[in-house]
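Participant: What follows is a single structure, and I will ask about it in a moment.
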Amino acid sequence: MHSATLTLNNAETVMDSLSPESQRALPRTEVNVTEKGGIVTVKVKAADISAMRAALNSYLGFIKITEDIGNITR
């Protein structure tokens, strides 16, 4: 089993966008998203490296889009 943890500071808005995504089932992958004190933690566990790469690419993309929208709307 492979695992990775992403930690984001000052990321309350990211939590709002990642929560629904973390509820979706991904093949061979388990994702847990938590927030405490403005710090968002994304924990990914995957059965194989291909599933890990796909999950990380998806979540990093979600985070980037959320950050870009936040920058545009400020």
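Values in this text are rule-based calculations from the coordinates and carry no lab data. Just so it is clear, the structure is predicted and the values come from calculations on it, not from any experiment. No Cβ is skipped: glycine too gets one built from the backbone with ideal geometry, and neighbour counts run over all protein chains shown.
Participant: Over the chain, what is the relative contact order in percent, taking alpha-carbon pairs closer than 8 angstrom and at least six residues apart?
Facilitator: This gives 37 percent for the chain.
Participant: Please list log₁₀ I(q)/I(0) at q = 0.14, 0.15, 0.16, 0.17 Å⁻¹ for the stretch 2-73, using the Debye equation with identical point scatterers on the alpha-carbon positions.
Facilitator: -0.40, -0.46, -0.52, -0.59
Participant: Under 14 Å from the Cβ of PHE62, count the other residues' Cβ atoms, weight Lys and Arg +1, Asp and Glu -1, and hand me the total.
Facilitator: The answer is -2.
Participant: If you don't mind, there's one more thing I want to ask. Suppose the chain between ILE39 and ARG74 were pulled fully straight at 0.36 nm per residue; how much longer would it get relative to their current alpha carbon spacing?
Facilitator: Full extension from ILE39 to ARG74 adds 10.5 nm.
Participant: Right, next: Which of VAL14, VAL40, ALA51 sits farthest toward the positive end of the charge dipole of the stretch 1-56, with +1 on the Cβ of Lys and Arg and -1 on the Cβ of Asp and Glu?
Facilitator: Sorting the options by dipole projection puts first ALA51.
Participant: Another question, then. Let me spell out the model: positive unit charges on the Cβ of Lys and Arg, negative unit charges on the Cβ of Asp and Glu, origin at the Cα centre of the chain. What dipole size does that give, in debye rounded to 20?
Facilitator: 180 debye
Participant: Okay, next question. Compute the length gained on full extension between GLU12 and ALA47: take 0.36 nm times their separation in residues and subtract their Cα-Cα distance, giving the result in nm to one decimal.
Facilitator: Working it through step by step, the gained length comes to 9.7 nm.
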